[in-house]
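The values are calculated or read from the model by the stated rules, or taken from the named source; none is laboratory data. What you are looking at is a predicted structure, and each value in this text was computed from that prediction instead of being measured. FYI the Cβ positions are ideal-geometry reconstructions off the backbone, even for glycines, and counts take in every protein chain you see.
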Amino acid sequence: MIGQKELLDKFDIEYGIKDLPRFTIITGRKGQGKKTLVREVAKRFNYLIIEIGNKIDDIREVIELSYKQTEPIIYLLADADEMSLGAKNSLLKVIEEPPQKAYFMMTLEQIENTLETIKSRAYVLRMQDYSLEEKEQMINELLPNATQEENQILSKLDNYYQIQKVVGYGPKEFNDYAAKVFINIYKVQSANSFKLAEKLDLKGDGNGYDLDLFWRMFMNIAFGYLFDSYGSETYDVADKIEKCLSITSSYTNALSIKGINRQMLVDNWILAVRKVWLQND
């Protein structure tokens, strides 16, 4: 895998074969490489890895299996932000006293999306941000003949998943769309402002631009305009851009809430951003 050398070295140096934590939580943004990290750890320890679901029946099934195993096995509880309360309570029973040779590794986007009692029993690791050099390596792998403009756009993203997604969209097309929304969100009539979100995936079914990625690209565009506005007579513009950045960041964080209504979230975001731009106008 690309990057995360310090985390991988932590397993090699601190633990060794006999001391792998019995329960580990790995947190990080979507696409940060959490599951890849777990698979790399399993590879380094030469342990079998089994990915299990997040439903209560899945947890009960793996608990029964874990008490019968004779070889070291890592059970990967991936994307556990979506785990039900019943499943979490069932998991709690087995991680309190894990069966011999059973190791549990959970991945979460937000540590707050699990029980405090589960978190207190885990060794918690946070995925590291990727360096510019590591992101360049990802870009070269995914888009070997990228133009300078495409490189500049993709290098502003956070991880392999995001770069892969935007390469699929077309970096310039996606960047231009985010710029169009930023420029026009307060210029169009109120009723037409909601049409700006028509290209976004608001159902979570993959049809349209990823909402989290769009907001991150929108903020990249806003940062560019913010930088240009400093040191000029447009202090009011800079103040409004900063407020829009704060609003967008909070809405991006809200995406991690289980069952959130994306359509309502985007509609409220549009209204909040428009309010900032139109006040005192």
Discussion item. Looking for something of a type in the set (Gly, Ala, Ser) and within 30 Å of residue 61 (Cα to Cα) - is there at least one such residue anywhere in the stretch 122-138?
Written reply: yes
Item to complete: May I ask you to list pairs of residues, at least six apart or on different chains, whose Cβ atoms are under 6 Å apart, with the first in the stretch 157-172 being closer than 16 Å to residue 35 by Cα and in the same structural domain as residue 146 (by TED's automatic domain parsing) and the second being in a helix (DSSP H, G or I) and not β-branched (Val, Ile, Thr)?
Response: 160/138; 162/213
Discussion item. Suppose we filter 238, 178 for residues that are within 27 Å of residue 32 (Cα to Cα) and either among the hydroxyl-bearing types (Ser, Thr, Tyr) or buried (at least 16 other Cβ atoms within 10 Å of the Cβ) (or both); which single one remains?
Written reply: 178
Item to complete: Answer yes if at least one residue in the stretch 105-116 is crowded, with 17+ Cβ neighbours inside 10 Å and over 18 Å from the mean Cα position of the chain (by Cα), and no otherwise.
Response: no
Discussion item. Looking only at residues that are assigned to a helix (DSSP H, G or I), free of Cβ contacts under 8 Å to residues at least 60 places away in the same chain and in contact with a helix residue (DSSP H, G or I) (Cβ under 8 Å, 6 or more places away or on another chain) in the stretch 183-216, which one is surrounded by the fewest Cβ atoms within 10 Å (Cβ to Cβ)?
Written reply: 184
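Conditions tested, residue by residue: (1) within 22 Å of residue 5 (Cβ to Cβ); (2) of a type outside the set (A, V, I, L, M, F, W, C); (3) without any contact (Cβ under 8 Å) to a residue 24 or more places away in the chain.
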residue	(1), (2), (3)
56	no, no, no
73	no, no, no
83	no, no, no
96	no, yes, no
102	no, no, no
112	no, yes, yes
120	no, yes, yes
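Scanning for something outside any loop (DSSP other than H, G, I, E, B), assigned by TED's automatic domain parsing to the domain that holds residue 62 and basic (Lys, Arg), does the stretch 101-111 turn up at least one residue? Show your work before the answer.
Taking the stretch 101-111 first, the residues outside any loop (DSSP other than H, G, I, E, B) are 102-108, 111.
If we keep only those that are assigned by TED's automatic domain parsing to the domain that holds residue 62 as well, we get 102-108, 111.
In the following step, the residues that additionally are basic (Lys, Arg) were identified as none.
No, because not a single residue in the stretch 101-111 is outside any loop (DSSP other than H, G, I, E, B), assigned by TED's automatic domain parsing to the domain that holds residue 62 and basic (Lys, Arg).
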Item to complete: Collect the residues in the stretch 50-106 that are under 21 Å from residue 29 (Cα atoms) and of a type in the set (Gly, Ala, Ser), keeping them in residue-number order.
Response: 53, 78, 80, 84
Item to complete: Select from the stretch 125-156 the residues that are touching a residue at least 60 places away in the same chain (Cβ under 8 Å) and in a loop (DSSP other than H, G, I, E, B) and list them in ascending order.
Response: 127, 128, 130, 131, 156
Worksheet entry | Number of the exception - residue 40 against (1) under 21 Å from residue 162 (Cβ atoms); (2) surrounded by 20 or more Cβ atoms within 10 Å (Cβ to Cβ); (3) more than 15 Å from the chain's Cα centre (by Cα) | (2)
Practice prompt. Scan the stretch 140-171 for residues that are β-branched (Val, Ile, Thr), surrounded by 21 or more Cβ atoms within 10 Å (Cβ to Cβ) and over 17 Å from the mean Cα position of the chain (by Cα) and jot them down.
Written response: 153
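Identify, from the list 225, 169, 186, the residue that is of a type in the set (Ser, Thr, Tyr) and modelled with pLDDT of 90 or more.
Values: 225 fails: modelled with pLDDT of 90 or more; 186 fails: modelled with pLDDT of 90 or more.
Just a single option satisfies the conditions, and that option is 169.
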Worksheet item: If you scan the stretch 108-120, which residues turn out to be in contact with a strand residue (DSSP E or B) (Cβ under 6 Å, 6 or more places away or on another chain) and modelled with pLDDT of 90 or more?
Response: 108
